[in-house]
Structure formats: structure tokens, C-alpha cells
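Student: The structure's right below; bear with me while I get my questions together.
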Amino acid sequence: MPGGRLTQQERRQIALGLADGLAYAEIARRLDRPTSTVTREVMRNGGPTAYRADLAHRATEHRARRRGQAASRAAEAPPQAHGRDAEAVSAYEELLTTVLMQSGMPRMTARVLAALTLTDEGSLTASDLVRRLRVSAASVSKAVGFLESQGLVRRERDERRRERYVVDDDVWYQSMMASARSTAQLVETAREGVGVLGSGTPAGNRMENIARFLDFVSESIARAAEQAREILHTRAAPAPAPTPAPPQTPAPERTDADPQGDTDRGTDRDADRDTRP
């Protein structure tokens, strides 16, 4: 199975396979690549409907250059906490940013959220973010404003009166609840459409079905988020210390004298005397 990065020709074959409606597994089989490689390639470059081989190839080269720059910065950075590999952390931060962007988040917003999420403290100042991301203070401020409006980030003052941007452990619960509320608003809007279009008409029926579907989804999201909320506050249990092995009892040493054997032999001699005439 070939390794390394996908070639431009392989990307064109992926594009052709998507155009033909082939599954990722079938495309991967034809390329002799793992299915996960094809899936990741497509999802990082627009998804199955927007994937373009040449654009994907250029984007990959651009990411490779950025990774090289990130690795260079990581080499200059102070040692990471907990013995982490600085280059691996930088690469993972880029991956998380990409996934957040695929969910619909603007690039700078995704970068700020990823940077905050991957800190042990869960908070950074504006100047921290400017240095870490190498962007302007205005870019950071705009991204934080969007995240704050979505309930993903909050502001607080530290002991030096500096404003810090904080991502709480509860952030994904708040995000899910915000999504549920947004969906509930769509439900109300769809039901208003039923009244305007007329109940029982084709368009009215469509809006009624949309409202029922979204209502079910909204309630399910809110209920699941409430039930699973405590998971976000679970702390990993420390690894148990290895149990020491019990001391081995030494086996008794064997000697030439065998008391039991001597007894048996004495019993045999007595039996011989009793049977002699």
C-alpha cells in the first residue's frame, strides 16, 4: 500500500470517483489507499459536492508550508507543559481549526476557539492570542465578539485587571442549548408559514412537516444535552499505582535424609521380622 501524501493525479482520481457517485471505500480501493485517507482528504477540501482536485492540491501545499512554519515556531517556543510535543500540539491545533471551519465557523473565529480550547487554563488575554496566532488585535476582537454572541466564550478580569477570554468546560453544553433555541425559533417560523399558506395545502403541509421535524430535533437536542451535561465536568481518574507482587516464599531445600522415607523403610523392616519363622 503506498504511503505519503496524495499526488495530484490521485486527487484527480478522487474527483472523478466522486463525480461518478462512488463511495469513499471504493475510491480508496482503486487508489490502494486507506478509506480514512480519502475521507479526510475530501472533508478537508470542501466535501463531496465541492471537492476540486487542483484546489485541494494547492491547499495541501499551502498547509504543508504553514506546518513547516508552525514547526519552526514550535522549535523556538518554550517547552510544553506535561512533556507535550510542541510540534504535535501545533499540528493538532491546525487540525481542530479545520474541523471547526467545516462546521461553518469563520477561519479566524475557529483559530481563536481552538487556541483557547487547547490551553490547560482555558483562557488567554488578547495579547496572548495576538502573539500566539500572529494576527492583529482587531482580528482577535472581532472573533471573540462572535464567539461571545454564540455563548462559546466569556470575558473576565484577572488579578492584574487584564481582560481574559475564557472557554468554560460547559461551553459545548451552552452551544448545544443555543442550537436547540435557534431550531425552536425555526419551528415557530415554520408554523407561522402554515397559517399564511393555508393548512391542508401542499405548501402548508410542507411547512407543517418541517415544523414537526424541527420541533422533535430541538427537543431531542435539549434533552440529550441536559442528560449528558455532567460528562463535561468529569475528571480523568489518576492511573492506579501498580500493585506490588507478593513476596515469593522460598521452596524448602531438599536434603539427603528423608524422614518419611526412613519411617517407611523402618516399617518395612518390622514387617519382615513379623513374617520370618
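Student: With the crude spin-label approximation of a point 7 Å out along Cα→Cβ, what separation in nm comes out for Asp85 versus Leu16?
Tutor: Inter-label distance under the simple model: 3.6 nm.
Student: Something else: Determine the relative contact order of segment 111-234: mean sequence separation of Cα pairs under 8 Å and six or more apart, normalised by residue count, in whole percent. Numbers along the way, then the final one.
Tutor: On the way: 131 pairs, mean separation 26.3, N = 124.
Contact order relative to length: 21 percent.
Student: Calculate the FRET efficiency for Ala228 and Gln185 from the Cβ-Cβ distance with a Förster distance of 30 Å, rounded to the nearest 0.05. Display every interim value, and only then the final one.
Tutor: Values: r = 23 Å, r/R0 = 0.77.
The value I calculate is 0.85.
Student: If r is the Cβ-Cβ distance from Thr39 to Ser149 and R0 is 41 Å, what FRET efficiency results, to the nearest 0.05? Mind dumping the intermediate values first?
Tutor: On the way: r = 32 Å, r/R0 = 0.79.
E between Thr39 and Ser149, to the nearest 0.05, is 0.80.
Student: Now for a separate question. Which distance in nm do the two modelled labels at Ala50 and Arg212 give, with both placed 7 Å along the Cα-to-Cβ direction?
Tutor: Result: 3.3 nm between the two label points.
Student: For Leu124, which sequence-distant residues (separation of 5 or more, or a different chain) have an amide H within less than 5 Å of its own amide H, given hydrogens modelled in the peptide plane?
Tutor: Placed amide hydrogens put Tyr165 under 5 Å from Leu124.
All of the numbers you see were taken from the coordinates with simple rules; none came from a lab. Everything numeric here is computed off the predicted structure, so don't read it as measured data. Positions of Cβ are generated from backbone atoms using ideal geometry, with glycine treated the same way; all protein chains shown enter the neighbour counts.
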